[in-house]
Amino acid sequence: MDRIVIIGAGQGGLQAAISLRQEGYDGALTLIGGEAGLPYQRPPLSKAYLKSGDAGALRLRPETFYDKNAVELVTETWVDRIDRAGRVVHAGDRSFAYDHLILATGTRNLRPPIAGTDRCLDLRTLADAVKLRAVLDSPKRCAVIGGGFIGLEFAAVARGLGHDVTVAEAAPRLMARVVSPEISAYFKDLHDGLGTVLHLGDPAAEVTDAGMVLKSGAEVAADVVLMAAGVVPNAELAAEAGLGVNNGVVVNDRLLTADANISALGDCAVFPDPTTGRPVRLESVQAATDHARLIAKRLIKGEDLPYAAVPWFWSDQADAKLQIAGLAAPEDATHRRADGAIFRFAGDRLSAVETVNNARTHMQARKALAAPDVSRDALAAVDYDFAALA
């Protein structure tokens with residue numbers, strides 16, 4: 001294998017390049033990204049960067065890394081087409097031949113079908129964060145469409161900087177897609193305490209020059225409206241190339257598409273959950289980096305192992321660090337331990353553990369979930385104490 005091309009220069013795409021070199025790959029390696037500048041971390045954009053404005057701290061590797069490791073970094077370049085038969089990627093007037101192609105195309109912000117969303121700001125890229133930070137250089141009335149991680153992280157930072165904040169969430173509770181009702185309630189209380197105005201079960205119906213209008217008819221005056229209503233995977237290239245797409249690029253448990261010469265990783269990849277077998281797509285830096293390492297080992301060392309890492313997620317909101325180990329379905333049952341840790345169960349099987357400011361339990365949960373099925377009865381017998389279970 002002499003030529004590997006990676007489309008997408010986010011954290012997953014860069015990790016693929018790093019891991020390929022670490023595993024001993026010495027062929028041509030091209031990393032293509034649509035944004036200007038060096039690859040950077042996205043999670044701090046809604047938190048640390050809005051406070052500090054230090055873009056340099058976001059860089060994943062210095063410029064010297066790319067020369068030293070013979071990684072051809074192609075920036076400000078959007079790929080137009082994948083020629084699977086010829087094994088060539090086309091981008092404008094440039095083309096890149098490959099023996100293996102890795103899709104790390106990530107996601108983009110969802111734009112709900114409501115009027116006036118062209119007036120909204122986004123918080124997906126560094127350019128978005130730079131623009132938003134400049135807007136917030138003086139006291140503002142901020143409205144947020146979406147009560148998920150990004151919207152709430154922004155809300156907490158904005159309140160800490162002295163801005164008025166209103167959040168409109170279509171679901172009846174915060175972060176409903178990813179956390180239990182108990183954790184939703186905890187963070188509702190937290191944001192209430194910060195002085196954020198929450199409208200739950202009342203989505204934005206229109207964005208106007210004066211702010212936004214909710215489905216109920218309520219009007220929210222705002223100088224800034226942030227769109228944080230979720231994301232959609234960038235899977236159009238794969239679909240146009242004839243690859244399977246279903247809420248993302250479909251891959252097997254080795255992260256390989258139906259084309260033996262194309263892999264996919266990170267937020268754009270849909271793979272079989274190692275526990276349930278159901279197709280899942282994880283919006284997680286951890287998953288993207290683990291995917292990249294597995295693909296590199298398969299390509300360079302010939303390791304034929306399925307992806308089976310325990311997923312984990314986090315969100316920093318004010319002084320509360322939410323950590324989730326595992327992957328729960330919305331219908332999974334819950335048990336609240338005395339210290340506030342939330343255990344989720346799919347039937348009798350532990351599916352996830354949610355904690356706030358409890359790193360010890362989070363790490364214990366990740367270890368437990370990596371073992372064969374942990375039953376609810378076994379946990380109940382030791383009063384949900386991981387140490388006793390071990």
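Bear in mind these aren't lab numbers, they're just calculated from the coordinates by the rules spelled out. Keep in mind that this is a model prediction, so the values were computed, not measured. We place every Cβ from the backbone using ideal geometry, glycine too, and count neighbours over all the protein chains shown.
Computed quantities for the displayed model
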quantity: Cβ-derived FRET efficiency at R0 35 Å, V232 paired with E23, nearest 0.05; calculated: 0.65
quantity: Among the listed pairs K301/K367; K297/K321; K51/K140, those beyond 24 Å (Cα-Cα); calculated: K301/K367; K297/K321
quantity: Calculated diffusion of the range 1-143, Stokes-Einstein form, Kirkwood radius summed over Cα pairs, 4 °C and 1.567 mPa s, µm²/s; calculated: 76
quantity: Net charge of neighbours whose Cβ lies under 12 Å from the Cβ of E303, counting Lys and Arg as +1 and Asp and Glu as -1; calculated: +3
quantity: The range 116-156 shape via C-alpha gyration tensor axes, a/c threshold 1.5; calculated: rounded
quantity: Hz values of 3J(HN,Hα) by residue in the range 148-155 - Karplus curve (6.51, -1.76, 1.60), Gly and Pro given as x; calculated: x, 4, 5, x, 6, 4, 4, 4
quantity: Virtual paramagnetic centre 7 Å along Cα→Cβ of A171, amide N under 16 Å, in the range 205-234; calculated: 228-232
quantity: Net charge, V270 excluded, C-beta distance under 13 Å - Lys, Arg +1, Asp, Glu -1; calculated: -2
quantity: As computed over the range 79-234, the Cα convex hull volume per residue (Å³); calculated: 146
quantity: Shape call, the range 326-390: gyration tensor on alpha carbons, a/c limit 1.5; calculated: rounded
quantity: Estimated vicinal HN-Hα couplings, Hz - the range 201-217 in sequence order (Karplus 6.51, -1.76, 1.60; Gly, Pro = x); calculated: x, 9, x, 5, 10, 7, 10, 10, 5, 8, x, 9, 10, 8, 4, 5, x
quantity: Hull-based mean projected area of the range 137-197, where the convex hull spans the alpha carbons, in square nanometres; calculated: 3.8
quantity: Rounded to 5, percent antiparallel among DSSP beta bridges of the chain; calculated: 55
quantity: Counted charge near K68, where neighbours are those whose Cβ lies closer than 11 Å (Asp, Glu -1; Lys, Arg +1); calculated: 0
quantity: Shape category assigned to the range 274-390 from the gyration tensor of Cα positions, a/c cut at 1.5; calculated: prolate
quantity: Antiparallel %, DSSP beta bridges [both residues in the range 1-120], to 5; calculated: 40
quantity: Calculated FRET efficiency for the pair D348/V197, C-beta based, R₀ 41 Å, to 0.05; calculated: 0.50
